[in-house]
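First up is the structure itself, then whatever we jot down about it.
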Amino acid sequence: MHQGVGCNSKLTSVKKVILDNLLLPGTFDAVSLCAAKSLTVLSLTNNTITGEIPQETGNCTQLTHLYLSGNKLSGSFPVSLSHLNNLKRLDISDNFFSGALPDFTIISAGLVSFLVQNNSLTGKIPQFDFENIISFNVSFNYFTGPVPDLKGRFSVDSLLGNPGLCGYPLPNKCPPSK
C-alpha cells in the first residue's frame with residue numbers, strides 16, 4: 001500500500017488514507033475521516049494515536065480495511081464497528097483496548113483477517129464464521145471460557161497468553177458444564 005491519501009480515478013472522492021509509521025500524535029477523528037463516504041482503506045499503523053476508537057467510525061460504511069495496530073489507543077471496542085458489512089480486514093493489535101468484544105455475527109462471514117493480539121480484552125471470544133478467515137490472532141489478552149470452533153484452521157499460537165481460555169487446540173480442557 002502506498003503512503004498518503006488515494007482518490008478514485010476521477011479524483012472526486014477519497015478511497016484510501018494510509019499514514020503508517022509517521023509517529024502521528026493526537027486522537028482518532030472519525031467524524032472527519034468518515035465524511036469521505038467512499039473511504040475503503042484506513043491505515044494508521046505504528047503511530048502514537050491515543051484515546052478511543054469513536055462510535056462514529058461505524059459511519060465509514062464502505063470501509064473494507066481498518067488497520068490501527070501499534071498505537072496507544074484504549075477503551076472498549078465500539079459496537080458500531082461490528083456492523084460494518086464491507087469490513088474484510090481488522091487489525092487493532094498492540095494497543096491498550098479493554099473490555100469485551102461485541103458480537104461479530106453480522107460481519108463475520110466477510111472477515112478474512114481479525115487481529116486483536118496484545119491488548120487487554122476480556123470476556124469470551126465472539127463466534128465467527130471461520131470458513132473465510134485466513135488471519136486470526138487473539139493472543140495475549142484476558143479472554144476466558146471455551147475456544148470457539150476454529151475449524152482446525154488456527155493453532156495454539158493464535159490463542160496464547162489467555163490463561164482463562166480452555167478447549168481445543170489448547171492443552172487445558174474446559175470443565176464440564178453444569
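Only the coordinates and a few stated rules stand behind these numbers; no lab work does. As the structure is a computational prediction, the values presented were derived from the model and not from experiment. Methodologically, a virtual Cβ is constructed for each residue, glycine included, from the backbone with ideal geometry; neighbour enumeration extends over all protein chains shown.
Eigenvalues of the Cα gyration tensor times 5, then square-rooted: what semi-axes does that give for the range 117-178, in whole angstrom, largest first?
17, 15, 11
What net charge do the residues around Leu121 carry, taking every other residue with its C-beta under 15 Å from that of Leu121, with Lys and Arg at +1 and Asp and Glu at -1?
-3
May I ask what percent, to the nearest 5, of DSSP beta bridges between residues of the chain are antiparallel?
10
Over the range 61-113, what lengths in whole Å, largest first, do the semi-axes of the equivalent ellipsoid take, defined as the square roots of 5 times the eigenvalues of the alpha-carbon gyration tensor?
The equivalent ellipsoid of the range 61-113 has semi-axes of 19, 13, 9 Å.
How do 79-85, 148-154 rank on mean C-beta neighbours within 10 Å, highest first?
79-85, 148-154
If I measure Cβ to Cβ between cysteines in the chain, which ones have no partner under 4.7 Å?
Cys7
Kirkwood hydrodynamic radius for the chain: how many Å is it when counted over pairs of different Cα atoms?
Mean inverse Cα-Cα distance, inverted, gives 16.8 Å.
Based on C-alpha coordinates, I'd like the Rg and Dmax of the range 37-85, in Å.
10.7, 28
What whole-number volume per residue, in cubic angstrom, does the convex hull of the C-alpha atoms of the range 68-145 give?
Per residue, the Cα convex hull of the range 68-145 comes to 77 Å³.
Could you work out, for the range 28-120, what percent of all Cα-Cα pairs fall into each 5 Å distance bin, beginning at 0 Å and stopping at the bin that holds the largest distance?
Each 5 Å bin holds this share of Cα pairs: 3, 15, 26, 29, 21, 6, 0.
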